[in-house]
Every structure is written in C-alpha cells, then in structure tokens.
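Novice: This is the structure, below, for whatever I ask next.
The values are calculated or read from the model by the stated rules, or taken from the named source; none is laboratory data. Just so you know, these numbers come straight off a predicted model, no measurement behind them. A quick note on method: Cβ atoms are made from the backbone with ideal geometry, for glycine too, and the neighbour counts reach across all protein chains shown.
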Amino acid sequence: MQNLYIEGSKFTPKISLDASKRVIKFIGESYPENTFEFYSPVIDWLEGYFSIKSPLQTIIELELIYFNSSSSKLFFDIFDIIEDAHQKGHKIVVNWYYKRGNENAEDGGRGYQEDFKSLNFNLIVK
C-alpha cells in the first residue's frame, strides 16, 4: 500500500499516513475551505489501510492546535473508521497531544475519548 503525505498549510494540518511504519499523524490546524474535499483522500486511504488484516499495532498521533466545526465532524467520521477497524481486530493506539493551556484542543481530545471508549485513547500534555 502506498503512503500518503499531505503538506500542512496555514489552514490544513500536515498529514502523514505511513503504511510501512504503521504510523498515522495529523499535526497543525484544520479549517480548510472545503473540509470533506480536503480529507477525501485521507478517508479513502484509511478505509483501504484498515481493510488489510495485520497483527501489528498501528499508532495514530494527533496534535491539532485548532480545528473548526466541520473538521470536528470529519474527525468523528475518521474515528468511526478507526473504531470499526479496532472492533474487527486491528491493534490501534491513539495519542492525542495538546499543549498545556490549549483548552480547545484538550476538550476536543476528551470529547473523542468519551465518544470512542473502546479505543486505547491517550491524552498527552506537551
């Protein structure tokens, strides 16, 4: 499977989907003009990636400084894909990083952690 890398911008996060290392990263801010169009290749990649069975663990790292409401909905959809993969036997660890004092990022991570209780979901202060 091909890796997918998307360079970050002022409005979009840096995204690294590395199938060979089994590491998925989202770093930066997310408020693209058309959220669903921007994340469409990411959704497609994740669905393809998790359709392949593997006994190896996948690490998902999110360090989102800010994300708007349409990005929040999109990340909920991404966590649905991740949770479904987990329920099908994939070993997944989610690390949500936030800076001390960034209450929006912390609250966002806590919200996803509460909504997806079956995932191994860690909140980590940087």
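Novice: I need the full set of residues from region 87-110 which are part of a helix (DSSP H, G or I) and over 25 Å from Ser70 (Cβ atoms), in order please.
Specialist: If we filter region 87-110 for residues that are part of a helix (DSSP H, G or I), which is where we start, we get 87, 103-110.
Hit for region 87-110 is Gln87, nothing else.
Novice: So is Gln57 in contact with a strand residue (DSSP E or B) (Cβ under 6 Å, 6 or more places away or on another chain), over 22 Å from Val125 (Cα atoms) and either surrounded by fewer than 19 Cβ atoms within 10 Å (Cβ to Cβ) or modelled with pLDDT of 95 or more (or both) or not?
Specialist: Numbers: in contact with a strand residue (DSSP E or B) (Cβ under 6 Å, 6 or more places away or on another chain): yes; over 22 Å from Val125 (Cα atoms): yes; either surrounded by fewer than 19 Cβ atoms within 10 Å (Cβ to Cβ) or modelled with pLDDT of 95 or more (or both): yes.
Considered against the rule, which asks whether it is in contact with a strand residue (DSSP E or B) (Cβ under 6 Å, 6 or more places away or on another chain), over 22 Å from Val125 (Cα atoms) and either surrounded by fewer than 19 Cβ atoms within 10 Å (Cβ to Cβ) or modelled with pLDDT of 95 or more (or both), Gln57 comes out as yes.
Novice: Ser54 is checked against (1) small (Gly, Ala, Ser); (2) in contact (Cβ under 8 Å) with a residue 12 or more places away in the chain; (3) not in a loop (DSSP other than H, G, I, E, B) and fails just one. What number does that condition carry?
Specialist: That leaves (3) as the condition not met.
Novice: List every residue pair whose Cβ atoms lie under 7 Å apart, where the two residues are 6 or more positions apart in sequence or sit on different chains, the first residue falls within region 6-19 and is among the aromatic types (Phe, Trp, Tyr), and the second residue, located anywhere, is crowded, with 17+ Cβ neighbours inside 10 Å and part of a strand (DSSP E or B).
Specialist: Hits for this filter: Phe11/Glu29.
Novice: For the condition in contact with a helix residue (DSSP H, G or I) (Cβ under 7 Å, 6 or more places away or on another chain), surrounded by 15 or more Cβ atoms within 10 Å (Cβ to Cβ) and in a helix (DSSP H, G or I), what is the one hit in Leu64, Leu46?
Specialist: On the way: Leu64 fails: in a helix (DSSP H, G or I).
Just a single option satisfies the conditions, and that option is Leu46.
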